[in-house]
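Each reported figure results from applying straightforward, stated rules to the coordinates on display, with no laboratory input. These numbers were taken from a predicted model, which means no experiment stands behind them. Here the Cβ is made from the backbone with ideal geometry for all residues, glycine too, and neighbour counts use every protein chain on show.
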Amino acid sequence: MKPGRLIAVVGPSGVGKDSIMTGMIAARPDMRLVRRTITRAPGLGGEDYDAVALDGFTKAAQSGAFCVHWSAHGLSYGIPADVLTDVQAGADCLANFSRSALKQASTVFPNLTVLNITASPDTLARRLAGRARETAPEIAARLAQADKALPTGLNVVTIANDGALEDTVARALDALQPARV
């Protein structure tokens, strides 16, 4: 059986991770799109997620409901434990991830691939303002984190998303294809 991968999609806020992942799943329905658990109010747009209060998140983490979890931007995020089972069974799973959680993920998923999405500062600022989820100071704080370095020693594929979404999706899928023998 071909080993599966967790494909951790990372990049600064506003770079288009959710849109790219949706496009990738549309083109490759054999991939699993991971639905994260987040301590965020429900219905705020962007990705589909399971909203939970902090105390519920803490209990879930303590009971082993997540294979990886972290905190960022005042929220807690969890990757469901069944993702590990799917990857071990040979599935490729796409998950929106935090750069700060990649080292932890690499210990859980030996075949981890990082899809690092980039965009120009102007593109990021325009997209963050357009989604209307953050205040101006929150947008400034997110933009200040845009160039945060990735941990070393990981399998990283970097794709720019300043142009047409369908072009970015096609480049990402091509870059993630296993080497042909």
Need the full-extension length gain, residue 81 to residue 120, defined as separation in residues times 0.36 nm minus the C-alpha distance. One decimal, nm. 10.6 nm
Number of Lys-Lys pairs in the chain under 28 Å by Cα, sequence gap 8 or more or different chains? 6
Taking 7 Å along the Cα-to-C-beta vector as the label spot, tell me the residue 72-residue 104 distance in nanometres, rounded to one decimal. 1.1
Dimensionless Rg/Rh of segment 130-181 - Kirkwood Rh, Rg from C-alpha atoms: 1.10
Among 73-81, 119-127, what's the highest-first ranking by average C-beta atoms within 10 angstrom per residue? 73-81, 119-127
Between residue 147 and residue 41, 0.36 nm times their residue separation minus their Cα-Cα distance comes to what? 35.4 nm
Taking a point 7 angstrom from the Cα of residue 58 along the C-beta vector, which residues in segment 28-45 have backbone N less than 15 Å away? 39
